[in-house]
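Report on the following structure.
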Amino acid sequence: MKKQTIWLLTMLSLVVVLSVYYVTTPDNLKTTSFMNMNNSTNTDSLDSTPKDTKKTDSKTDTSKQNSDTSKQNSDTSKQNDKETASKENSTSEVFLKQRMEQEDQRSQLIDEYKSTVDSATASAKEKSDAFTNMNELQKLTALESDVETMIKEAGYKDALVRSDKDEVKVDVTSAKPSRKAANDIIQMTRSVLGEKLVVVKFQVK
């Protein structure tokens, strides 16, 4: 009976000591481990979401930027195409106008030569000269057309050739004018129209 009483008192004393220790222990020490565990979990959770969001946002921004750049390049290309087409049309219109003016002038000359040939009052020499001049002018017009064809076949967009007795004027539409190109055109022109002074003028398209 004594032993049981001693054992019971000992256990009660131990319980009391443990209770006193727990009560007197600071709260921050008791919760440190729990807080550290929670902070570690929360930090991982919070860090992972922003990282993924930043990556997604970065990809979205890059995709949008690429799309904007592509659209801008497309708009620039369209604008350049419009400007190029406008320049080519303008040059073609100038060539057409000058060609028509030359044809009108020569048509008037040919009509005058014909009138002289058919004239009852013109001398035989006048009629002969008029006939010769008319044939030479018609031949010259055909040769100019041949030179224009040769120049176009060489890769140029358009060409206008105007010749008189001593000089040949050649207007050419070209994206890349150069001295070599001019020399090549001069040689082509002289091979058809003879050793005349050839003046080459480039119309940059």
Is it true that K165 is open to solvent by 50 Å² or more (accessible area, probe 1.4 Å) and under 34 Å from the mean Cα position of the chain (by Cα)? no
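Restrict the check to region 130-144 and report whether at least one residue is farther than 21 Å from D111 by Cα and surrounded by fewer than 15 Cβ atoms within 10 Å (Cβ to Cβ).
The answer is no, given that none of the residues of region 130-144 is farther than 21 Å from D111 by Cα and surrounded by fewer than 15 Cβ atoms within 10 Å (Cβ to Cβ).
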Answer with yes or no whether A124 is surrounded by fewer than 13 Cβ atoms within 10 Å (Cβ to Cβ), of a type in the set (A, V, I, L, M, F, W, C) and within 23 Å of S92 (Cα to Cα). no
Which residue is farthest from K196 (Cα to Cα), if the candidates are limited to region 145-168 and must be touching a helix residue (DSSP H, G or I) at 6+ places or on another chain (Cβ under 6 Å) and acidic (D, E)? D158
Selection count, region 187-205, where residues are touching a residue at least 24 places away in the same chain (Cβ under 8 Å) and under 20 Å from K139 (Cα atoms): 7
Checking the structure you have, find out if any residue of region 170-186 is open to solvent by 80 Å² or more (accessible area, probe 1.4 Å), more than 22 Å from Q138 (Cβ to Cβ) and in contact (Cβ under 8 Å) with a residue 12 or more places away in the chain. no
Here is a list of conditions, (1) out of contact with any strand residue (DSSP E or B) (no Cβ under 9 Å at 6 or more places or on another chain); (2) among the basic types (K, R); (3) exposed (fewer than 13 other Cβ atoms within 10 Å of the Cβ), and K201 meets all of them except one; can you say which number that is? (1)
Subset tally (residues that are within 14 Å of R99 (Cβ to Cβ) and touching a helix residue (DSSP H, G or I) at 6+ places or on another chain (Cβ under 7 Å)) for region 116-144: 1
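The values are calculated or read from the model by the stated rules, or taken from the named source; none is laboratory data. Just so it is clear, the structure is predicted and the values come from calculations on it, not from any experiment. All Cβ positions, even for glycine, are placed from backbone atoms using ideal geometry, and neighbour counts span all protein chains on display. SASA here: full protein model, heavy atoms, side chains in, ligands and nucleic acids out. Shrake-Rupley method; radii C 1.70, N 1.55, O 1.52, S 1.80 Å.
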